[in-house]
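> Let me begin by handing over the structure; questions about it come next.
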């Protein structure tokens, strides 16, 4: 069994902190594994309303984008647990979900924002 590869050094920040603050956004610093979890897991119940699903999709998209932008792998060095979540979603690096059909803002979906 080989040893896990060390995570690469994060890229220098490219986000304009002042512009983000003007939009009402706040910085949130998390460990990579803490970002990987929401990037791949939707915990919305089956009966969640669309607003809740859209918000979840935006959070999942942002978590995935933060990992990508930092040059960090989207998969943990630890073995992943493949279980079904409350919405029947299979956890794992495949990115396949049974989330919202509108793209949902998951790792490969759109922003999930509704207009």
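> Taking the highest mean first, how do the peptides 37-49, 56-68, 15-27 order by number of other beta carbon atoms within 10 angstrom per residue?
56-68, 37-49, 15-27
> Separate question: Work out, step by step, the length gained on full extension between residue 2 and residue 69: first 0.36 nm times the residue separation, then minus their alpha carbon distance; give nm to one decimal.
My answer for the length gained is 21.4 nm.
Here, each number is a calculation from the coordinates, and none is a lab measurement. What you see is a predicted model, and the numbers here were worked out from it, not measured in a lab. All Cβ positions, glycine included, derive from the backbone under ideal geometry; neighbour counts span all protein chains shown.
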